[in-house]
């Protein structure tokens, strides 16, 4: 585990948890990003949703001032994989009612059985997909 | 006040993803690669986030109402049903293929990476496709309606 970064992971994770608590205390909403983004389409309250996403995008831009370089994310080489993965993340998170934040953090923190099951499933499936793409197909 | 609260919370959330390197798909894929050079950092991120949010939520539950809204919208669904399982599995495939979940995907729009922008457009399409499908099912004479989100 050469790239294990527990200190920055703990600080970052605590901030994510803090953001989820602040959103609940201030607005009464669950900090689930798929729900916040997906709700832009037809749920009420477009303003705070757009503002949350704006804050999300603003963070790395201000990060450059604090020594966090803004680097392009490492994306799959294939455009087809990018499109398929995007479609699956969008459709799947709406069908399952949440993603890593809504189920994985907020839901598990509430000890919601639905969220614990969803988190176990998407983690296990993603691990299996990476095992196949990296060690079966990519070997 | 609601949009200001949203902006601040999104900003703090974004800084959390930034500091923990969780907005980098490569870092996330290194966590998911348990049969390779496994990087357990994501587990620490989750443990820290869960510690803070479980204590914070427990305190928040005792409050009569949120600061800037009429009431708290705690998710009330409890059924472990087919849409939950299927949705989580489909999301898991997309997450494993890309290393991106919705938060980091949106945050990375800041980089203006063309590939990332295409991913976010596809993600939005997937969400719209789901909502249209649910609406059609809801107006059909048979078939259960599944709506609402947990987060």
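Out of every Cα-Cα pair that the protein assembly as shown contains, those further apart than 23 angstrom amount to 50 percent. The ratio of the alpha-carbon radius of gyration of chain B to the globular-protein estimate 2.2 N^0.38 Å is 1.22.
Between the alpha-carbon centres of the stretch A:44-61 and the stretch A:1-29 there is a gap of 17 Å.
Can you order the peptides A:75-86, A:5-16 by their average number of other Cβ atoms within 10 Å per residue, highest first? Could the numbers behind the result be given before it?
On the way: A:75-86: 17.5, A:5-16: 21.2.
Averaged packing, sorted descending, gives the order A:5-16, A:75-86.
The label-point distance for residue B:85 and residue A:7, in a model that sets each label 7 Å from Cα toward Cβ, rounds to 4.5 nm.
A simple packing score, the average count of other Cβ atoms within 10 Å per residue, orders the peptides B:65-78, A:87-100 as A:87-100, B:65-78, with the highest score first. In chain A, the ratio of gyration radius to Kirkwood radius, Rg to Rh, stands at 0.98 when only Cα atoms are counted.
Between the stretch A:70-139 and the stretch B:59-110, the alpha-carbon centres lie 12 Å apart.
Result for chain B in a Gaussian network model with C-alpha springs under 10 Å: among B:11, B:57, B:31, the largest mean-square fluctuation is at B:57.
Once the C-beta distance of residue A:134 and residue B:76 is scaled by a Förster radius of 51 Å, the resulting FRET efficiency is 0.80 to the nearest 0.05.
Counting neighbouring Cβ atoms within 10 Å and putting the fewest first, the residues A:112, A:101, B:41 line up as A:112, B:41, A:101.
Peptide B:128-138 shows a mean partner chain C-beta count of 3 within 10 Å per residue C-beta.
No lab work stands behind these numbers, since they all come straight from the coordinates. Fair warning: this is a prediction, and the values are worked out from it, not measured in the lab. No Cβ is skipped: glycine too gets one built from the backbone with ideal geometry, and neighbour counts run over all protein chains shown.
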